[in-house]
Amino acid sequence: MAELTLDGVTKWFDDGGDRIVAVNDATVEIEDGEFLVLVGPSGCGKSTTLRMVAGLETVSQGDIRLGGHSITNEPPTARDIAMVFQSYALYPHMTVRENMSFGLEESTDMPDDEIAAQVEQTAAMMGIADLLDRKPGELSGGQQQRVALGRAIVRDPEVFLMDEPLSNLDAKLRSQMRTELQRLQEELDVTTMYVTHDQTEAMTMGDRIAILNDGELQQVGTPLECYHEPRNVFVAGFIGEPSMNFFDADLENGTLVAEEFEYALSDDLLADVEGHDRLVLGIRPEDIELVGEGDGPHDFRTQVDVVEPMGNENNVYLSFSSAVGAESPDDDVETFIATVSGMRNVESGQEVVARIPEEAIHVFDRDTGEALH
Ligand code: ATP
């Protein structure tokens, strides 16, 4: 069994006497054969986490275990782990064949003919069999990417670590490789930790995703759990495209009072937010309905600022009518986004009623960011 466990893993760097905490107390268990995506903004500690698992960075505190056995103090070569880097890190003076066989020659006592056969077989699987005698400089970016993956796969490791392996590819190739990588990982059934800053990549590829911010794990769950039940404002805003709309609001007599609107809460929702009165109301763009007419408690008169056609969908930027024509040009008119079907005809300047259904709203504590509902 190759389950990979990070137990209270912490990394600090010493920066001229100052301590930079890059990863703080990260605990997560990646099951045997699972594809876990570590996602978060630039500088949040993703690469450092991966490098600690690979043994390229020491662990300041905590323990990393593979199959229940601590590898925290093992050198990288003793760990049965293969890493794929964003830069591919191929040896430029070696052919593809040599790049792929090198690791096996160094780390195993496998006979040469067996290594050769395994390289051929992996190259065929990766669709690079006809490139085996070329050098990396004679390959396209996409081909180099396949070689880098092939080199990891041929070692048949217990764990794959991948650090933004698709980010140097153009958009079309990237989405093709996403699907292919997923298929490969499923077929090979190897425990995988995959780092990206791209939430779409995380949502589409991961069995589960681990969201990291500022060195702290925010939530670990399936993509749908993180989307539907974000644990805090950060996760809610990070997952989903366009991002969730947020409005600061205070709870007054059972009603959320925001700058531009008031939103009455049902008893069920009030029970969830009890004891908190500085709140944030969150609503995903795709959960807002634009209706012709409506004067229900959760219907708001708005004006369309901009329509951004996305093909099958339109992103409609709206502002509350109460804010339109603000007295001073300095007044910040807050816009928010609704995503509606591309068939729907909306034009800038038009007045529409935006319906914000209570069953779709999220409510957070404004001070802690914690999700209350
Ligand atoms: P990116 O997506 O931009 O690659 P990341 O999430 O992978 O970012 P890390 O590279 O892990 O982030 O860096 C986490 C934090 O640790 C950053 O603040 C970074 O500046 C700091 N850091 C990383 N390596 C070192 C180092 N060798 N010395 C000092 N600080 C470091």
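Odds and ends about this structure:
- Taking region 114-148 as the range and being modelled with pLDDT of 90 or more and in contact with a strand residue (DSSP E or B) (Cβ under 9 Å, 6 or more places away or on another chain) as the test, only ALA148 passes.
- Residue-level analysis places SER47 outside the set of residues that are farther than 20 Å from ARG208 by Cα and among the polar types (S, T, N, Q).
- When residues of region 1-43 are limited to those that are within 18 Å of GLY206 (Cα to Cα) and near the ligand (Cβ under 10 Å from one of its atoms), the one surrounded by the fewest Cβ atoms within 10 Å (Cβ to Cβ): PRO41
- Selection status of ARG208, touching a Leu at 6+ places or on another chain (Cβ under 6 Å), away from the ligand (no atom under 16 Å from the Cβ) and under 30 Å from ASP365 (Cα atoms): yes
- Just so you know, in region 219-229 the residues that are under 13 Å from the mean Cα position of the chain (by Cα) and in contact (Cβ under 8 Å) with a residue 24 or more places away in the chain include one that is farthest from the ligand (Cβ to nearest atom), and it is TYR227.
- The numbered conditions (1) within 15 Å of the ligand (Cβ to nearest atom); (2) touching a Leu at 6+ places or on another chain (Cβ under 8 Å) are all true for MET110 except (1).
- Among the residues making up region 143-183, those that are within 30 Å of GLY68 (Cβ to Cβ), surrounded by fewer than 18 Cβ atoms within 10 Å (Cβ to Cβ) and under 20 Å from the mean Cα position of the chain (by Cα) are GLN182, ARG183.
- Region 146-171, subset of a type in the set (A, V, I, L, M, F, W, C) and part of a helix (DSSP H, G or I), residue nearest to SER42 (Cα to Cα): ALA171
- Test: residue in region 52-64 that is under 22 Å from the mean Cα position of the chain (by Cα) and free of Cβ contacts under 8 Å to residues at least 40 places away in the same chain: no
- The residue of region 174-205 that is nearest to the ligand (Cβ to nearest atom), among those that are in a helix (DSSP H, G or I) and among the polar types (S, T, N, Q), is GLN199.
- Set THR192, THR196, THR222, THR255: member being assigned by TED's automatic domain parsing to the domain that holds MET83 and either at pLDDT below 90 or surrounded by fewer than 17 Cβ atoms within 10 Å (Cβ to Cβ) (or both): THR222
- Test result for ALA236, in contact with a Pro (Cβ under 6 Å, 6 or more places away or on another chain) and touching a residue at least 60 places away in the same chain (Cβ under 8 Å): yes
- Checklist (1) of a type in the set (Phe, Trp, Tyr); (2) away from the ligand (no atom under 16 Å from the Cβ); (3) assigned to a strand (DSSP E or B) applied to TYR91, failing item: (3)
The values are calculated or read from the model by the stated rules, or taken from the named source; none is laboratory data. Bear in mind that the values here come from a model prediction, so they are computed numbers and not experimental data. Glycine also receives a Cβ, built like all others from the backbone with ideal geometry; neighbour counts cover every protein chain displayed.
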